[in-house]
Amino acid sequence: MISCPQKLPIGRAPVCAHRALGTVSLLAMLVTTLCAAALVHASPVPEGTTSNHSIQLAAEQAIRARVGQDSGGLSLTLAPLDPRLRLAACDQPLQSFITEDGQVRHQTTVGVRCDGTIRWTIYTSVTVESTARVLVSRYALPREAMLTAADFDVQTRRIPGLASTYLADAASLDGQRLLMPVGAGQPLSRDALAPAPLVRRGQQVIIVAHASGIEVRMAGVALADGRLADHIRVQNVSSQRIVEAIIRSDSLVEAPL
């Protein structure tokens with residue numbers, strides 16, 4: 001209840017009237033805002049448009065279809081679409097595809113399109129994570145480190161991207177080296193590995209050369225690291241001549257005569 005004085009100076013509105021009107025206006029604005037919010041929250045997808053939910057389902061399906069039988073361990077987080085988005089209803093099933101090279105990564109862009117009477121395409125981002133057993137480094141490992149099973153534990157982890165991009169079997173470390181440092185407690189990805197050099201710089205090797213059915217062998221020294229079938233420079237110990245040779249084994253290189 002609001003009461004006002006009966007006698008006021010001429011030309012002045014009651015202060016309490018101003019306050020009362022202000023209170024009423026504030027309440028009216030509050031009610032209007034709440035009603036509008038409720039309408040927005042409860043408003044259905046307009047007829048003749050494609051729901052954002054159906055677009056996101058199509059994007060998720062593209063990821064799971066690409067991964068196949070291993071998709072059960074996936075956790076997908078789809079970027080929210082603009083709620084104001086209004087795309088015409090499609091009279092055909094929505095088609096979805098992974099962009100770029102079609103590979104599923106931690107951050108994957110998926111296109112969803114309508115190939116019906118009306119055509120449109122929209123792109124959305126999907127964050128992909130997996131839960132899997134992986135090799136986890138027991139301590140920090142430097143670049144070029146030669147790896148053994150003793151360097152890793154097998155743990156169940158939530159990892160970015162697909163489980164197939166990480167190693168789970170210590171037997172696969174044989175003959176591998178690190179292309180980049182790996183921190184303590186870090187899962188080991190396949191991208192971090194490369195085959196160890198078969199021949200090392202400064203190593204004694206046998207240079208073999210073939211010509212007209214004749215084989216010549218001579219002692220040499222490798223001037224660079226290399227893997228099987230790599231071309232490296234080798235110095236002939238006798239002549240001091242430097243030639244380019246192809247690595248055929250851990251002690252043999254082949255060079256032209």
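The values are calculated or read from the model by the stated rules, or taken from the named source; none is laboratory data. Since the model is a prediction, treat every value here as computed from it, not as a measurement. No Cβ is skipped: glycine too gets one built from the backbone with ideal geometry, and neighbour counts run over all protein chains shown.
Table: residues versus (1) under 15 Å from LEU141 (Cα atoms); (2) surrounded by 15 or more Cβ atoms within 10 Å (Cβ to Cβ).
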position	(1), (2)
GLY185	yes, no
VAL216	no, no
ASP225	no, yes
ASN236	no, yes
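To keep it simple, each residue is scored yes or no on (1) touching a residue at least 24 places away in the same chain (Cβ under 8 Å); (2) touching a Lys or Arg at 6+ places or on another chain (Cβ under 9 Å); (3) within 21 Å of GLY226 (Cβ to Cβ).
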| residue | (1), (2), (3) |
| --- | --- |
| VAL136 | yes, yes, no |
| LEU147 | yes, yes, yes |
| ALA150 | no, yes, no |
| ARG157 | yes, yes, no |
| ALA163 | yes, yes, no |
| GLY175 | no, no, yes |
| LEU193 | yes, yes, yes |
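Within the set ARG233, ARG217, ARG248, the sole residue that is closer than 19 Å to ALA196 by Cβ and at pLDDT 90 or above turns out to be ARG248. Just one of the numbered conditions (1) outside the structural domain of ARG138 (by TED's automatic domain parsing); (2) part of a loop (DSSP other than H, G, I, E, B); (3) not small (Gly, Ala, Ser) is not true of VAL208: (2). When the test is whether a residue is among the hydrophobic types (A, V, I, L, M, F, W, C), surrounded by fewer than 16 Cβ atoms within 10 Å (Cβ to Cβ) and within 30 Å of ARG157 (Cα to Cα), ALA211 does not pass it. Scanning region 54-70 for residues that are among the aliphatic types (A, V, I, L, M) and within 18 Å of the chain's Cα centre (by Cα) returns ALA59, ALA62, ILE63, ALA65, VAL67.
Screening SER3 against (1) in a helix (DSSP H, G or I); (2) more than 30 Å from ARG157 (Cα to Cα); (3) modelled with pLDDT under 90; (4) of a type outside the set (A, V, I, L, M) leaves a single unmet condition, (1).
The residue that is surrounded by the fewest Cβ atoms within 10 Å (Cβ to Cβ), counting only those in region 56-85 that are among the small types (Gly, Ala, Ser) and free of Cβ contacts under 8 Å to residues at least 12 places away in the same chain, is GLY68. Here is the figure for region 133-160: residues that are buried (at least 19 other Cβ atoms within 10 Å of the Cβ) and farther than 13 Å from GLN186 by Cα total 1. Here GLN176 meets the list (1) modelled with pLDDT under 90; (2) over 24 Å from the mean Cα position of the chain (by Cα); (3) not acidic (Asp, Glu) almost entirely, failing just condition (2). Using the structure shown, decide if THR117 is in the same structural domain as SER96 (by TED's automatic domain parsing) and touching an Asp or Glu at 6+ places or on another chain (Cβ under 6 Å). So THR117 passes the test.
To keep it simple, each residue is scored yes or no on (1) part of a loop (DSSP other than H, G, I, E, B); (2) of a type outside the set (A, V, I, L, M, F, W, C).
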{"position": "GLN92", "(1), (2)": "yes, yes"}
{"position": "PHE97", "(1), (2)": "no, no"}
{"position": "GLN103", "(1), (2)": "yes, yes"}
{"position": "ILE122", "(1), (2)": "no, no"}
{"position": "TYR139", "(1), (2)": "yes, yes"}
{"position": "GLU144", "(1), (2)": "yes, yes"}
{"position": "ARG158", "(1), (2)": "no, yes"}
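For region 205-235, a residue qualifies if it is touching a strand residue (DSSP E or B) at 6+ places or on another chain (Cβ under 6 Å) and among the polar types (S, T, N, Q), and exactly one does: GLN235.
Tallying residues that are assigned to a helix (DSSP H, G or I) and within 28 Å of LEU223 (Cα to Cα) within region 163-199 yields 3.
Comparison of GLY175, GLY161 shows that the only residue that is small (Gly, Ala, Ser), more than 21 Å from GLN107 (Cα to Cα) and not assigned by TED's automatic domain parsing to the domain that holds GLN103 is GLY175.
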